[in-house]
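To start, the structure under review is shown below, and the notes come after it.
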Amino acid sequence: MVLTLTACSGAAEPPASPEISTPVNEQVTAPETENEQASEGTRPQSENFDLMTGEGNQSLTATLHQGEDFSLYVFEKFAFDAAEGRLFLSRNPEYYVDIESLPTNYDLTQHKAAGKKELEEFGEVSDFSGELVEHSLGSSELYLQTSSGEGINDYIVWQSETGDAFLFRLHNPKGEEASDFAGPVLVSLSTVQSDSK
């Protein structure tokens, strides 16, 4: 099944929504930390996330993983290569997202041009930048996407609640594992946080 989401960029009528191969009616609630008393500056080693999927409400535990200069929560069916900053589906590494920290003075215009050039090889590029309704990331400064018979590719510039900026390059091929990948990986991306915070 395909869950289409609406992006708002301030225009009266936004273009078509970004496509994400996830179960219908997926919702994510705030994480429940097992260690509410974690000292300031540290994150709990694991957190529980409630995901509403086609099979009903499921509580899934994600474990904290450390990257080069950031951390994020990773679900059981996923693996994280800290050196590469790559989060991928364990049983099929063709489903992946590359995570890159951006400097505070990054140039959004340059990223938009670079993202379009990068994605054009996969097909026509759509721009869904802005607020993402019912999307795990909530909003993005830049959200470029191509969708074709081969699958979905995203180029996303996103800021966390703490103000850290990240670039996500997501590759979600068309196949049986597309829905297993897309829902949980977006929840993981919403937990990415710089080590400096």
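Computed from the coordinates by the stated procedures, all read-outs in this text should not be read as laboratory data. Note that the structure is a prediction, hence the values are computed from the model and not measured. Ideal geometry is used to build each Cβ from the backbone, glycine not excepted, and the neighbour counts take in all protein chains shown.
Taking every alpha-carbon pair in the range 100-143 and binning the separations at 10 Å intervals from zero gives 23, 47, 30, 0 percent.
Rg over Rh for the range 52-197 works out to 0.94, both radii taken from alpha-carbon positions and Rh defined as the Kirkwood radius. Legend: calculated FRET efficiency, Glu84 to Glu131, from the Cβ-Cβ distance at R0 = 30 Å, rounded to 0.05, equals 0.50. Selection among His111, Gly138, Phe75 by position relative to the dipole of the range 48-171 gives Phe75 as farthest towards the positive end (Cβ unit charges, Cα centre).
Here the spin labels are modelled as points 7 Å beyond Cα on the Cα-Cβ line, and at Ser59 and Tyr106 they lie 3.4 nm apart.
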